[in-house]
1. Output the residue which, of all residues in region A:154-178 that are touching a residue at least 40 places away in the same chain (Cβ under 8 Å) and not aliphatic (A, V, I, L, M), is surrounded by the most Cβ atoms within 10 Å (Cβ to Cβ).
2. Of the numbered conditions (1) more than 18 Å from residue B:63 (Cα to Cα); (2) in contact (Cβ under 8 Å) with a residue 24 or more places away in the chain; (3) not in a loop (DSSP other than H, G, I, E, B), residue A:127 fails exactly one; give the number of that condition.
3. Within region A:189-217, how many residues are over 20 Å from residue A:231 (Cα atoms) and not in a loop (DSSP other than H, G, I, E, B)?
4. Filter region A:231-247 for residues that are under 12 Å from residue A:197 (Cβ atoms) and not aromatic (Phe, Trp, Tyr); which is surrounded by the fewest Cβ atoms within 10 Å (Cβ to Cβ)?
5. For residue B:22, which of the numbered conditions (1) within 22 Å of residue A:88 (Cα to Cα); (2) surrounded by 14 or more Cβ atoms within 10 Å (Cβ to Cβ); (3) more than 13 Å from chain A (Cβ to nearest Cβ) fails to hold?
6. Scanning region A:56-86 for residues that are more than 10 Å from chain B (Cβ to nearest Cβ) and of a type outside the set (A, V, I, L, M, F, W, C), which turns out nearest to residue A:41 (Cα to Cα)?
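Just so it is clear, none of the values below were taken in a lab; they were calculated from the coordinates. The structure displayed is predicted, hence computed values, not measured ones. When we count neighbours, we look across all protein chains shown, and the Cβ atoms used for this are built from the backbone with ideal geometry, even at glycine.
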Amino acid sequence: MKTGSPLIIGGREIKNRFFLGTGKFKSKADMKKSIIESKVEVVTVAMRRVDTDRHSENILEYLPEGTIIMVNTSGARNAKEAVRIARLAREAADIDWVKIEVINDSKYLLPDNYETVKATETLVSDGFTVLPYMHPDLYAARELQAVGAAAIMPLGSLIGSGQGLEARRFIEVLIAEIDAPIIVDAGIGRPSQAAEAMEIGADGVLANTAVAAAGDSAAMAKAFSMAVEAGRMAYTSKFIPSKELAEASSPLTGFLFDEKQ
Amino acid sequence: MKLKINVNGSIKEVDKDKDLEEVVRSLVKKDQGLIVEVNKKIIPRNQWKGHSLHEGDMIELINFVGGG
């Protein structure tokens, strides 16, 4: 268990345990404002072919200086494609943090744990800091840890669904059994759900749609940051056990209206 | 003379005497941050000029975009 210890990934101490995805923002300015106002330290970006018919801008230009950039391998359908995306990002922009995301299913967008383990192994030996996005399965998590994943990112629920911690019980198993940091990724729609993940002992939370598609993205990013911090603080402060029946918080003696016998 | 190259998965015809820089500029309106690969090898921006293309070359024009 990692109570009270700082979050260290790839040799760097991460103070803000809320990680933010940069997709779907209304504008790049909106995205930048969200990062700055919430003091997010780690963000994800993707790589895509340029649409030659459209105006295309490089998102890296809009990220505040000092932001830790993690390239995701979205679009990869197997380990080989994920490895290619990561290597391309490193060669093009010196990005050596990678979120492995291997998805082969267009309906549920569930990650392929088997291919994810393979890609993680290759990229760790290439010297990358590897954070695999995975379905919360204990055996796969153990494999990922064994091949050198810097952190493990189980999904809370289906990507972009905002359903929260549907996989809570299984994430709890990973938190109990895996030493590598656990960052809950995907499906987190509200700050309260992010706080819940932290309260059960997750080391961090990554969200994107919940912030990017919010009415006020910058305020929502800040709300998530605060919720993640609050959840962490609560977790390290130790909870009271829950009880079946009521227990008064005020003393049960010396009531003002008691009659002396 | 024209030659056929593959750009981002589709076939394009370009003038044989155009170099990579001219081809890229003709395809992309803004090339800030653009990554150009020819046959799976990144060609640094300062080498686009004078880089000649050949029939069947596979060109990828890639960019960093927002993503989760």
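1. Among residues in region A:154-178 that are touching a residue at least 40 places away in the same chain (Cβ under 8 Å) and not aliphatic (A, V, I, L, M), the one surrounded by the most Cβ atoms within 10 Å (Cβ to Cβ) is A:156.
2. Result: residue A:127 fails condition (3) only.
3. Start the filter on region A:189-217 by keeping residues that are over 20 Å from residue A:231 (Cα atoms), which leaves A:209, A:212-217.
After this cut, where a residue has to be not in a loop (DSSP other than H, G, I, E, B) as well, the list is A:209, A:212, A:217.
Final tally of qualifying residues: 3.
4. In the first step, residues of region A:231-247 are kept if they are under 12 Å from residue A:197 (Cβ atoms); the result is A:231-232, A:234-235.
Adding the requirement that they be not aromatic (Phe, Trp, Tyr) leaves A:231-232, A:234.
Numbers: A:231: 25, A:232: 23, A:234: 13.
It comes out as A:234.
5. For residue B:22, the exception is condition (1).
6. A:67
The rows are residues; the columns are (1) charged (D, E, K, R); (2) touching a Lys or Arg at 6+ places or on another chain (Cβ under 7 Å).
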position	(1), (2)
B:32	no, no
B:45	yes, no
B:55	yes, yes
B:64	no, no
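Residue-by-condition table, conditions (1) acidic (Asp, Glu); (2) closer than 19 Å to residue A:12 by Cα:
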site: A:61; (1), (2): yes, no
site: A:65; (1), (2): yes, yes
site: A:68; (1), (2): no, yes
site: A:81; (1), (2): yes, no
site: A:92; (1), (2): no, no
site: A:103; (1), (2): no, no
site: A:122; (1), (2): no, no
site: A:146; (1), (2): no, no
site: A:156; (1), (2): no, no
